[in-house]
Amino acid sequence: MSPLQVGQWLPQPAPDPEARTKPPHTTTRTFQASKAQAKRRKYFVEAIFFNLAVVTKAPAAPPADGMRKNTLRIAVAHSLNRHARVSFFSQCASFSSAPAILLVVTSSIHVIGGGLAGCEAAWQIAAAGLSCVLHEMRPMVSTDAHKTDRLAELVCSNSLKTEGLNSAPWLLKEELRRMNSLLLQAAAQARVPGGQALTVDRERFAEAVTDAIESHPRIALERREVHTIPADGIAIVATGPLTSGALAHNIGELTGTDRLYFYDSISPIVDAESIDTSIAFRASRYDKSIDNSSDYLNCPFDKEQYDRFFDAVLAAEPVPAHIPEDRTPFFESCLPIEEIARRGRDTLRFGPMKPMGLREPRTGRRAYAVLQLRQENARADSYNLVGFQNYMRFPEQARIFRMIPGLEKAEFLRYGQIHRNTYINAPSLLAPTLQLRRRPEVFFAGQISGVEGYVESIATGLIAGRNAAALALREHIRPFPRETALGSLCAYVSGADAKNYQPANITFDLLPKLDEAAQQLFRRDRPGRHAEVCRRALESLDAYLAVPV
Ligand SMILES: Cc1cc2nc3c(=O)[nH]c(=O)nc-3n(C[C@H](O)[C@H](O)[C@H](O)COP(=O)(O)OP(=O)(O)OC[C@H]3O[C@@H](n4cnc5c(N)ncnc54)[C@H](O)[C@@H]3O)c2cc1C
C-alpha cells in the first residue's frame, strides 16, 4: 500500500534533528487532498497510512487563507508517548492556523514471518494501537515443512505441551493468557482432547489466527519473500527455523555469522536428585578443572554393560524424519549418538564415552567406558548427558538411558532432540528486550531468536511485539521480571553461555531459584517448590502489568 494513494504530501522542510529528540516535538505539514476527498471532506480520515497512528478529529474550519485549494495544514507530532498524545491533542484545539487533525508519527513496523512468533508480534503491535506490515512468503515460496498457505501453521506435533498445573510449560502459557495472547486464544478455540496437554486441531488453529490477522484493520498482510531486513523503521525478524536462504544470508551478514543453518541436536538433561551418586563419581578428566573442583559426575560402564547399552542404541526406535529427503548435514562435531554408533562398536567409547583420564574411586581403575554428566547451572540441580544428542523417541530415551550405571532412576527434565534449525547466537547478539544490540530497531523472535518450541516462539513474539510498539512510541521498554517465565526466556537468550549456545524450551531450570528460606521449606517437596515458583512468577507478572506504561 502506497502512503500517497489518497493524496499528496507536499515538500517539507528538513526536520530539525535536535528538536526531534525533545518530545513532544511538532511540525506543521501540508497535505494536498484530491478533489474528491476534498469534496467529501473525508481527507482527514483517508490520510491514514501504515506508519501513522491517527488521533483524529474532523476539521472544524476550512483550510486557512492563502493556501491552495484542497490543501490541509496538519499538525504532526513526532514520537509522542501515549500520555503526551493526550495533552498534545488538547493543545491542538488552540492551533488556529491548522485543522484539528493530529497525526502521531511513529516508525513503520515490519514483522517478517507469519508463523507463530510473527502473528503474535503483529497482534501485540496492533493491540498497542499501532499499525504494522506482516510479511509472509507462503504460498509463493514455501518451506520443506509447511503444507498450507495459512498463517501460524503448526509444522509437526499439534501439542502446545502440558496444562498440568504448576509445570513450567503451563506457567508460560498462563503468563501469555494473562497478556491476551492471540495464539493462546486461538488454541483455546481449537482445543481437542489430549489428556493434560493443550492439543489443538491444527487447521482450526491456523484458520483462527489467519482470520484474526487478515481482518485486523491495523495489520497489513503482505504475501512476499523478504530478502533483506528493511533499512528503515523497526523490524521484527520471526522467520523461524526454516528461514529462506536470501534472508538467512542477510541475517548472517548483519550478525557477522556465516552459518545459521544446521541440523540442531540437543542432549538430554536429568534431575540431579535422581542420579545415583553411589555409582556416578565426581571427577574431571585428568583432574583438569578451572577451579580445581571435580566438575563432572561420571557414570562408569564395564564391558558387558557397554555392549548391552550399545546394542540398545543401535536398535532404538527413531523419531520419524520431519522433512523427508532433507539433506541438511549434521555438525560433525555434534553428531547424534546413533550416527556415531553406526560407525563401529568402539566409536562411542572412543568418542563421547571415552574413559581416559578418569579413575573410578570404587575400583581405583579406569572403566571400560564412561558417560559424563555436566552441571547445567550454578544451582547444580540438573545435569546434561554430555555428547548424548540423539533422535530416539522420548520413551526410548528414557528406557535406554536408564540402562546407564547411575541413571537407573533418572528423571528427565529434557530429552535429546534433533531437527533442522536456523538460529542466531542470541547471547552474543541480543539484549533481554530481544533487540539486536548493534541495531536496536531490529528485534528477533521465535525459533530464530534461539528459543525452542511452539509456545516459546509465541512468547518471544509477544515480547518482541510489545517492545517494538514501545520503541515506536518512544516509551521506555521495560524488561519482563526475571521471576516470570517470559523474563526467564529473555534472560536465557540474552545471557546464556554464547560459546556453547543451544536453544531451550522453558523449564524450571531457566527460572530463578527460590530464596534460602523457601528452599528449606520445600526441601523434600518438589511439587510444592514448583507451585511456589509459579506463584511468585504470576504475582510478579501481575505487578508488572499493573504499572501503567
Ligand atoms: C520440522 C520441524 C518440526 C518441529 N516440530 C516441533 C514440535 O513438534 N513441537 C514444537 O514445540 N516445536 C517444533 N518445532 C520447533 C518450532 O517450535 C517451530 O518451528 C515453530 O513453528 C517456530 O515458530 P516460529 O514463529 O519461530 O517459526 P515458523 O512458525 O516456522 O514461522 C516462520 C514463518 O516465516 C516465513 N518465512 C521464512 N522466511 C521468510 C522470508 N524470507 N520472508 C517472508 N516470510 C518468511 C515462513 O514461511 C513461516 O511461515 C519444529 C521445527 C521444525 C523445523
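The values are calculated or read from the model by the stated rules, or taken from the named source; none is laboratory data. Please read all numbers here as calculations on a predicted model, not as lab measurements. Cβ: placed from backbone, ideal geometry, glycine included. Neighbour counts: every protein chain shown.
Brief remarks follow.
- The conditions of being crowded, with 24+ Cβ neighbours inside 10 Å and at pLDDT 95 or above are met by residue 465.
A quick yes/no check of all residues on (1) in contact with a strand residue (DSSP E or B) (Cβ under 9 Å, 6 or more places away or on another chain); (2) in the same structural domain as residue 468 (by TED's automatic domain parsing); (3) in contact (Cβ under 8 Å) with a residue 60 or more places away in the chain; (4) among the hydrophobic types (A, V, I, L, M, F, W, C):
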{"site": "488", "(1), (2), (3), (4)": "no, yes, no, no"}
{"site": "495", "(1), (2), (3), (4)": "no, yes, yes, no"}
{"site": "507", "(1), (2), (3), (4)": "yes, yes, yes, no"}
{"site": "516", "(1), (2), (3), (4)": "no, yes, no, no"}
{"site": "523", "(1), (2), (3), (4)": "no, yes, no, no"}
{"site": "534", "(1), (2), (3), (4)": "no, yes, yes, yes"}
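- The residue of the range 435-461 that is nearest to the ligand (Cβ to nearest atom), among those that are free of Cβ contacts under 8 Å to residues at least 60 places away in the same chain and touching a Phe, Trp or Tyr at 6+ places or on another chain (Cβ under 6 Å), is 450.
- On the stretch given as the range 493-549, residues that are of a type in the set (D, E, K, R) and part of a helix (DSSP H, G or I) total 8.
- Residue count for the range 264-273 satisfying the condition of being buried (at least 17 other Cβ atoms within 10 Å of the Cβ) and in a helix (DSSP H, G or I): 1.
- Looking only at the range 374-432, and only at residues there that are in a loop (DSSP other than H, G, I, E, B) and of a type in the set (Asp, Glu), the one that is farthest from the ligand (Cβ to nearest atom): 408
- If the condition is being near the ligand (Cβ under 9 Å from one of its atoms), over 23 Å from residue 468 (Cβ atoms) and either buried (at least 21 other Cβ atoms within 10 Å of the Cβ) or among the polar types (S, T, N, Q) (or both), then the range 119-149 contributes 142, 143.
- Residues satisfying the stated conditions in the range 355-373, i.e. surrounded by fewer than 16 Cβ atoms within 10 Å (Cβ to Cβ) and outside any strand (DSSP E or B): 356, 357, 361, 362, 363, 364, 365
- Selection count where residues are within 19 Å of the chain's Cα centre (by Cα) and over 12 Å from residue 216 (Cβ atoms), scope the range 119-132: 2
Let's see how each residue does on (1) modelled with pLDDT of 75 or more; (2) over 30 Å from residue 242 (Cα atoms); (3) not acidic (Asp, Glu):
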position	(1), (2), (3)
77	no, yes, yes
100	no, yes, yes
112	yes, no, yes
153	yes, no, no
156	no, no, yes
170	yes, no, yes
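- Here residue 323 clears all of (1) aliphatic (A, V, I, L, M); (2) under 18 Å from residue 404 (Cβ atoms); (3) at pLDDT below 90 except the condition numbered (2).
- Residue 208 vs. criteria within 20 Å of the chain's Cα centre (by Cα) and either buried (at least 21 other Cβ atoms within 10 Å of the Cβ) or part of a loop (DSSP other than H, G, I, E, B) (or both): no
- Residue that is modelled with the lowest pLDDT, among those in the range 227-245 that are exposed (fewer than 15 other Cβ atoms within 10 Å of the Cβ) and over 14 Å from residue 136 (Cα atoms): 232
- Residue tally, condition within 12 Å of the ligand (Cβ to nearest atom), of a type in the set (Asp, Glu) and not in a loop (DSSP other than H, G, I, E, B), over the range 211-233: 1
- The number of residues in the range 365-383 that are of a type in the set (Gly, Ala, Ser) and more than 20 Å from residue 276 (Cβ to Cβ) comes to 1.
- Selection within the range 159-170 - more than 8 Å from the ligand (Cβ to nearest atom) and either in contact with a Ser or Thr (Cβ under 8 Å, 6 or more places away or on another chain) or farther than 23 Å from residue 195 by Cβ (or both): 168, 169, 170
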